[in-house]
1. Quick one: is Ser2 buried (at least 17 other Cβ atoms within 10 Å of the Cβ) and of a type in the set (Gly, Ala, Ser)?
2. Take Met1 and tell me if it is among the hydrophobic types (A, V, I, L, M, F, W, C) and either touching a Leu at 6+ places or on another chain (Cβ under 6 Å) or modelled with pLDDT under 95 (or both).
3. If I filter the range 51-72 down to residues being charged (D, E, K, R) and assigned to a strand (DSSP E or B), which single residue comes out as farthest from Arg4 (Cα to Cα)?
4. Among residues belonging to the range 21-31 that are over 12 Å from the mean Cα position of the chain (by Cα) and open to solvent by less than 90 Å² (accessible area, probe 1.4 Å), point out the one that is farthest from Ser69 (Cα to Cα).
5. Tell me the residue from Glu18, Glu14 that is charged (D, E, K, R), outside any loop (DSSP other than H, G, I, E, B), surrounded by 13 or more Cβ atoms within 10 Å (Cβ to Cβ) and in contact with an Asp or Glu (Cβ under 9 Å, 6 or more places away or on another chain), please.
6. When you scan the range 33-47, do you find a residue that is open to solvent by 90 Å² or more (accessible area, probe 1.4 Å) and on the phi > 0 side of the Ramachandran plot, even just one?
7. Take the conditions under 20 Å from Thr12 (Cβ atoms) and either in contact (Cβ under 8 Å) with a residue 24 or more places away in the chain or surrounded by fewer than 18 Cβ atoms within 10 Å (Cβ to Cβ) (or both) and apply them to Val54. Does it pass?
8. Select, from Val5, Val48, Val25, the only residue that is part of a strand (DSSP E or B) and touching a Pro at 6+ places or on another chain (Cβ under 8 Å).
Amino acid sequence: MSNRVVQGRMVTPERLAELVEGESVMDAEDIEDADRDCPDCGGDVLSVGYMPDVTAFVTGYKCQDCDWSEREA
């Protein structure tokens, strides 16, 4: 598992996915660097692929330094 520091806390892939989704997720892949900067603060953005339910797979993006996040199907 690729745990990473986000906003000063160590998070697992599942926890990072929950921060993006706003609720529990079924499964999450390893956290990766998204190779992009946060549009709000310019910080580093991480990505995580996850399943919010049994029928969907989405990619979530979360800034390591601020509250910004987004998801795409």
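The values are calculated or read from the model by the stated rules, or taken from the named source; none is laboratory data. Here the structure is a predicted model, which is why all the values come from computation and not from measurement. Neighbour counts are summed over all protein chains in view; Cβ atoms, including those assigned to glycine, are modelled from backbone coordinates with ideal geometry. SASA here: full protein model, heavy atoms, side chains in, ligands and nucleic acids out. Shrake-Rupley method; radii C 1.70, N 1.55, O 1.52, S 1.80 Å.
1. Answer is no for this residue.
2. Yes.
3. From the range 51-72, those charged (D, E, K, R) are 53, 62, 65, 67, 70-72; that's our starting set.
Of the ones still in play, those that are also assigned to a strand (DSSP E or B) are 53, 62, 70-72.
Details: Asp53: 24, Lys62: 11, Glu70: 18, Arg71: 18, Glu72: 21 Å.
The residue in question is Asp53.
4. Initial filter on the range 21-31 (over 12 Å from the mean Cα position of the chain (by Cα)): 23-24, 26-27.
Filter once more, keeping what is open to solvent by less than 90 Å² (accessible area, probe 1.4 Å): 24, 27.
Numbers: Ser24: 16, Asp27: 18 Å.
Here the answer is Asp27.
5. Only one candidate qualifies: Glu14.
6. Among the residues of the range 33-47, at least one is open to solvent by 90 Å² or more (accessible area, probe 1.4 Å) and on the phi > 0 side of the Ramachandran plot, which makes the answer yes.
7. The answer is no for Val54.
8. Unique residue meeting the criteria: Val48.
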